[in-house]
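Visitor: The structure is given below, and queries will be raised subsequently.
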Amino acid sequence: MLKTRVITAVVLLAVLLPILYLNNFTAFGVVATLFFGAAIWECFRLFNPGTQNAHIIALLWTAAFAAALFTSRINPSFWAALSVALWIARFTPSLKTGLPALGTSSNTLLSLVYGFGIVGCFTAIVALYSYSPLFLLSVLAIVWVADIGAYFSGKAFGKRKLAPSISPGKSWEGAIGGGIAVLVLAALSVVYGGPAFAHTFAARVQAAFGWPVLLAILVLMVAASVVGDLFESQLKRRAGMKDSSNLLPGHGGVLDRIDALIPVLPLAALIGSRL
């Protein structure tokens with residue numbers, strides 16, 4: 001399993017990193033659209049286990065996304081604001097109140113709303129990329145560092161379960177450890193990063209708003225990443241699925257890789273629009 005995970009990760013990096021730095025929006029847009037389609041397909045499978053129509057729905061959503069993307073009709077600020085509002089008003093509260101039963105109209109409505117959240121995530125990817133590939137990568141790194149820090153902190157110190165009914169492996173100590181890792185590394189990158197890190201998300205936020213605001217925003221982003229992860233875990237548990245799909249050998253599906261990013265990227269795009 002570890003070998004498969006490593007091979008998949010290397011292949012993805014070998015494909016994605018050159019595309020990020022080719023300065024070719026068409027190539028970037030095609031790859032973003034493909035991943036968007038996979039995420040939407042997995043989304044509707046999670047909300048409707050056993051459905052035979054998920055691929056048709058995904059094709060329709062993907063066609064609409066591609067048309068808006070390549071005709072420049074996507075409004076990043078609108079989608080970022082909508083996505084943040086949806087996470088505050090609907091998705092985050094569901095971690096306490098639970099999800100509607102499968103096969104109900106409420107479940108169908110929630111699947112559409114979560115689809116909008118995925119649209120917001122990929123629209124944010126495009127918006128962050130438009131600033132620079134480094135700016136996008138620096139936002140992704142915040143979530144990756146939080147995830148890695150949470151894993152090792154949880155292994156070493158985890159005692160109090162964060163959400164035992166949703167994801168028994170996650171602990172408060174892990175979440176806090178991930179947050180501390182983000183704060184420390186972001187601070188180091190701002191103080192010692194020099195010109196190479198001057199245009200990263202953390203450096204630009206600190207330059208625009210100061211240290212207290214940067215630290216508050218980073219804590220909020222780490223919290224959002226945890227919520228995104230837990231929400232997808234909740235969907236998988238209800239659907240009886242271990243992974244959102246098997247598209248990425250050793251890693252599960254696309255949603256399994258971006259679940260924590262779905263609430264974070266629109267938030268980062270909204271903040272980035274104010275820099």
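Visitor: By accessible area of protein heavy atoms, probe 1.4 Å, what ranking do I142, I74 get, highest first? Write out the running numbers ahead of the final one.
Guide: Numbers: I142 15, I74 40 Å².
I get I74, I142, largest accessible area first.
Visitor: Now a separate question. Take every Cα pair under 8 Å in the chain that's 6+ residues apart, average their separations, divide by the length, and report that relative contact order as a whole percent. Don't skip to the answer; put the middle values down first.
Guide: Values: 333 pairs, mean separation 69.4, N = 275.
Worked out over the chain, it gives 25 percent.
Visitor: Membrane-span-like helices in the chain: DSSP H runs reaching 20 Å or more (Cα, own axis), mean Kyte hydropathy at least -0.5? Walk me through the numbers on the way to the answer.
Guide: Values: long enough: 2-21 (28 Å, 1.97); 25-47 (32 Å, 1.56); 54-70 (24 Å, 1.99); 105-131 (40 Å, 1.31); 133-157 (35 Å, 1.55); 172-192 (30 Å, 1.73); 211-239 (42 Å, 1.11).
Helices meeting the span and hydropathy rule in the chain are 2-21, 25-47, 54-70, 105-131, 133-157, 172-192, 211-239.
Visitor: Under a 1.4 Å probe, what is the accessible area of the chain per residue, stated in Å²?
Guide: Working: 13490 Å² over 275 residues.
Result: 49 Å² per residue.
Visitor: Find the lysine pairs in the chain meeting two conditions, Cα atoms under 15 Å apart and a separation of 8 or more places or different chains, and report how many there are.
Guide: On the way: K96/K161; K155/K170; K159/K170; K161/K170.
Lysine pairs satisfying the spacing and distance rule in the chain number 4.
Visitor: Per the Kirkwood definition applied to all pairs of different Cα atoms, how many angstroms is the hydrodynamic radius of the chain? Before the final figure, lay out each step's value.
Guide: On the way: mean 1/r = 0.0521 Å⁻¹.
That comes to 19.2 Å for the chain.
Visitor: Enumerate by residue number the trypsin sites (Lys or Arg not before Pro) in segment 209-275 meeting two conditions: DSSP loop (anything except H, G, I, E, B), and at most 10 other Cβ atoms within 10 Å of the site's Cβ.
Guide: Working: sites: K236, R237, R238, K242, R257, R274; in loops: K242, R274.
Those satisfying the criteria are K242, R274.
Visitor: Once R0 is set to 22 Å, what does the formula 1/(1 + (r/R0)^6) return for the Cβ-Cβ distance between L16 and D243, expressed as a FRET efficiency to the nearest 0.05?
Guide: On the way: r = 20 Å, r/R0 = 0.92.
Taking R0 as 22 Å, the efficiency between L16 and D243 is 0.60.
Visitor: Whole number please: convex hull volume per residue, Cα atoms of segment 47-115, in Å³.
Guide: On the way: hull volume 6.1 nm³, N = 69.
Expressed per residue, the convex hull around the Cα atoms of segment 47-115 is 89 Å³.
Visitor: Which value in deg cm²/dmol, rounded to the nearest 500, describes the helix-derived mean residue ellipticity at 222 nm for the chain, given -39,500 (n - 2.57) per DSSP H run of n ≥ 4 and division by the residue count?
Guide: Helix contribution divided over all residues of the chain: -25000 deg cm²/dmol.
The values are calculated or read from the model by the stated rules, or taken from the named source; none is laboratory data. Everything quoted here is computed from the prediction, not taken from an experiment. For neighbour counting, all protein chains shown are included, and Cβ atoms are generated from backbone atoms with ideal geometry for every residue, glycine included. Side chains included, ligands, DNA and RNA excluded: accessible areas come from the protein's heavy atoms. Shrake-Rupley method; radii C 1.70, N 1.55, O 1.52, S 1.80 Å.
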